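Visitor: Handing you this structure, nothing more for now.
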Amino acid sequence: MPNAYSIKIRGVVQGVGFRPFVYRLARSNGLTGWVLNEEEGVEIHLEGEETTLRLFIEELKAQPPPAASIVTLRVMPTEPAGCTNFLILTSQRQRKPTVRVSPDLPVCEDCLREVFEPQNRRYHYPYINCTNCGPRYTVIESLPYDRCNTTMSKWPLDGYCATEYADPANRRFHAQPVACPNCGPHHYFQSGNEIVREDSEVVRTAVQRLKAGDILAVKGLGGYHLVCDARNAKSVAALRMRKYRKEKPFALMAANLAIARSLVELTPEADQLLTSVARPIVLAPAKVELSGVAPDNDELGVMLPYTPLHHLLFEAGAPEILVMTSANRSSEPIAYEDDQAIEQLSGIADGFLIGERPIARRVDDSVVRAGICGPAILRRARGYAPGAVATLPSDRPVLAVGADLKNTITLVVEGQAFVSQHIGDLDHYQAFRAFQATVRDLLAMYEIQLDKLLVVHDAHPQYVSTLHALELQAAEKHAVQHHRAHIASVIAERGAWDERVIGVSFDGTGYGDDHSIWGGEIFAGSVRAGFERVAHLRTAALPGGDAASSYPVQAAAGFLEQLDDLPDVMAKPFSFGDRYRDAMCLVRKNMRTFATTSMGRLFDTAAALAGFTRETTFEGQAAMWLESLARKLPETEGYPFPYLRGELDFRPLLTAVVRDRVRRREVFEIARAFHRGIALGVRDAVTQLCSTYDADTIVLSGGVFQNEMLLSDLKSLLQRDSLTIWTNHAVPANDGGISLGQATLAAFGTPKVFGFLGEEDSKCAERAV
């Protein structure tokens, strides 16, 4: 009599060809039974000889489909049902879904081969896909992942596609977005009153316009891109002017890997990221200078084609390097609906390449780097979202709404922490609308009722995300302090709930326990026991509050006011200007001035002293400029940045910067000595604190730790002391990782004194506004 097993698999196992893979594997091993999609993932009933059953399970673990990700695989003996063959059954729905939704996938090699075969039915068809590739998250409207629940539901399959869809041996078996030119959606090109149809002619027209120097709005998987020839300086300058994007770098798409390698220096790790299934934008040192693409920046962001349309454009002769930037005006969310795109982008784009398949939700391109401490995500979106990044010990649903800058949200369903795509800065109305839509979207997808939900928000009482959280009719609401959430996000990726760590959280701004502006914080503790603030940057004055983040000389006033014998920084070589003078007046009169321990503003101060005295045009610009200068010198002696009695004192550090600037030391040497000094001071602080609090693991998080120069120095210094460094890998170190940290601390209900503020504090925040 045959044996039987029930196998339940959780992970990214729907929409990635998992059931056909199981079907073929079972048939090849002579096993009987069935496989189906259910709310948590995939369920298999298997019957056969014990040896063969075991072989099946080993092969299942060892060689899943390329886009699949098995998180748990549970095998339990069960009673044989007398199955005579192996079947793929219809999806089951009995409970709320908890399955991990697959991110969007790049076009596979098989589909690429077919799209360029003249005799193939899908020759030059931009919507070609199969179970191994194509859209997933951006077409899913509800779960389970079936065609009727996607944006392809309005295009019935013709006989040819239906046959493939129903054939378990075909790689398009149950490929929900499958289509062909006869039954599926198409593309068209629109410029003013001119409309071009027929896919191949549309591509040819778009290529001609790109070669002529035009700027096009091209519909992609998760929204529109603004596209132009990256080597056409006039086109790039026009794009900057029309998009109101003065200096922030543009992303590039290279026609192939060889072209990408000619643009940037790719380490094996960066190469692997570039060609990974996520197909992100990879930041790497530039080999060439492209006028206007990345001003005053020694890195370029490059990605490879990931949709059939991209490959068709390059094959038809599009410029081999394209600027491929989010289609929006500066700081607004990416346009993804056709009517909205035409309305919003008509003053920017000269023409529109529009696909008929609707996009279910906007999802931007992801941005990553092969960092000194491992892969680092700077913006987590297409290719990664909405994947689960951690498993938390929480049976109840938790919604963490993140911070107001670089917002993401995290939804915890049966312990799985699903982190949304990058949403943006919520002080922009359209970004806030996108935030609201994403909250509704994830709650609806997983069928979460508000009366069962724990909502977690930042402790800042005036954050837009906080105000929205307070309006939700949830069962319970709690506030979590910003910088502790940064530290918790790193630990959540590893599940090390009881690990005692020294956590260093450096960024630009965050609401502190004392209601001041924090940003240079060091904590001791664990996720389970909580985090105690044990050290911080010396407090400075911040004139004008958040406005100082856009003006380095304004931020500098509060720091420089504490220096003895400061020279006249209005004169050369500093030339600070009137804004500094006005800010210093505010500091000395203690008007519109706030206490801060912000490490981000300390970097801005150093940048101002080194020569960056103008307004920044994007977040972090001055610090990036300073780091770029520092890279010109491999190493130098660091400026003094002493740690004493729980405080990192910036006064000797800045005094040294001022002294060397007056002496006309090269600014790149000053920048390098500043970075080295910061690293040395942090090393001194954490080594002392590790001894005091019996810890040997250092957690580094917050936007300042996107600085590779600082990380490199810290890594070399701390490894000499045999200390372990943990950084973010699955979520950004910037505020894009805050929501995961919030959800983590909420799942543990960590005590108030250590960062989990609780419902009473949430009510206090509500009363404050």
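The values are calculated or read from the model by the stated rules, or taken from the named source; none is laboratory data. Computed from a prediction, not measured in an experiment: that's the story for all the values here. Glycine also receives a Cβ, built like all others from the backbone with ideal geometry; neighbour counts cover every protein chain displayed. Areas reflect the complete protein model, heavy atoms only, side chains present, ligands, DNA and RNA absent. Shrake-Rupley method; radii C 1.70, N 1.55, O 1.52, S 1.80 Å.
Visitor: Ignoring ligands, DNA and RNA, how do MET241, MET253 rank by accessible area with a 1.4 Å probe, largest first?
Guide: Heavy-atom accessible area, descending, gives MET241, MET253.
Visitor: With θ set to phi - 60° and the Karplus curve 6.51 cos²θ - 1.76 cosθ + 1.60, what are the ³J(HN,Hα) couplings of region 352-364 in order, to the nearest whole Hz, using x for Gly and Pro?
Guide: For region 352-364, the Karplus curve yields 10, 9, 10, x, 6, 5, x, 9, 6, 7, 6, 9, 7 Hz.
Visitor: I've got another one for you. What's the Cα-based Rg to Rh of region 195-274, Rh via Kirkwood?
Guide: Rg divided by Rh gives 1.01.
Visitor: Using the alpha carbons of region 3-53, what is the convex hull volume per residue in cubic angstrom, as a whole number?
Guide: 65 Å³
Visitor: A further question follows. Can you classify region 576-615 as rounded, prolate or oblate using the Cα gyration tensor, where a ≥ b ≥ c are the square roots of its eigenvalues, rounded means a/c under 1.5, and otherwise it's prolate if a/b beats b/c and oblate if not?
Guide: oblate
Visitor: Sticking with this one: Taking square-rooted eigenvalues a ≥ b ≥ c of the alpha carbon gyration tensor, is region 112-228 rounded, prolate or oblate, where a/c under 1.5 means rounded and, failing that, a/b exceeding b/c means prolate?
Guide: Taking the square roots of the gyration eigenvalues as a ≥ b ≥ c, region 112-228 is prolate.
Visitor: From the list (1) 163; (2) 315; (3) 279, can you say which value of volume of the Cα convex hull per residue in Å³ was derived from the structure given?
Guide: Of the listed options (1) 163; (2) 315; (3) 279, (1) comes from this structure.
Visitor: What whole-number value in Å² describes the accessible area per residue of region 39-88 for a 1.4 Å probe?
Guide: That works out to 55 Å² per residue.
Visitor: So if the hydrodynamic radius of region 505-603 is defined as the Kirkwood radius over C-alpha pairs, what does Stokes-Einstein give as its diffusion coefficient at 10 °C and 1.306 mPa s, in µm² per second?
Guide: Using the Kirkwood radius from Cα pairs, D works out to 112 µm²/s.
Visitor: Convert 37 °C to kelvin, take the viscosity as 0.692 mPa s, use the Kirkwood radius over C-alpha pairs of region 296-373 as Rh, and evaluate the Stokes-Einstein diffusion coefficient in µm²/s, rounded to a whole number.
Guide: Rounded, D is 218 µm²/s.
Visitor: Highest mean first, how do 300-306, 76-82 rank when packing is the count of other Cβ atoms within 10 Å averaged over residues?
Guide: Taking the mean over residues of other Cβ atoms within 10 Å, the ranking is 300-306, 76-82.
Visitor: Measure nothing fancy, just the Cα-based angle from helix 482-494's long axis to the longest principal axis of the chain, in degrees from 0 to 90, nearest 10.
Guide: 40 degrees
Visitor: Size of the dipole of the chain about the Cα centre, Lys and Arg at +1 and Asp and Glu at -1 on the beta carbon, nothing else charged, in debye to 20?
Guide: 820 debye
Visitor: Among all the lysines, which ones have a C-alpha under 28 Å from LYS154's C-alpha, if same-chain residues fewer than 8 places away are not counted?
Guide: LYS96, LYS219
Visitor: Something else: Could you rank the peptides 219-228, 105-114, 313-322, 6-15 by their average count of other C-beta atoms within 10 Å per residue, with the highest value first?
Guide: Top to bottom by mean Cβ count within 10 Å: 219-228, 6-15, 313-322, 105-114.
Visitor: Right, something else. Once a ≥ b ≥ c are taken as the square roots of the eigenvalues of the Cα gyration tensor of region 352-479, is the result rounded (a/c under 1.5), prolate (a/b larger than b/c) or oblate (a/b not larger than b/c)?
Guide: Because its axes are fairly even, with a/c under 1.5, region 352-479 counts as rounded.
Visitor: What translational diffusion coefficient, in µm²/s and rounded to a whole number, does the Stokes-Einstein relation yield for region 581-721 at 4 °C and a viscosity of 1.567 mPa s, taking the hydrodynamic radius as the Kirkwood radius over Cα pairs?
Guide: The diffusion coefficient I find is 80 µm²/s.
Visitor: Let me ask something additional. How do 610-619, 591-600 rank on mean C-beta neighbours within 10 Å, highest first?
Guide: For the peptides 610-619, 591-600, the packing ranking is 591-600, 610-619.
Visitor: Local charge sum around ILE259 (other residues, Cβ-Cβ under 12 Å, Lys/Arg +1, Asp/Glu -1)?
Guide: With Lys, Arg at +1 and Asp, Glu at -1, the net is +2.
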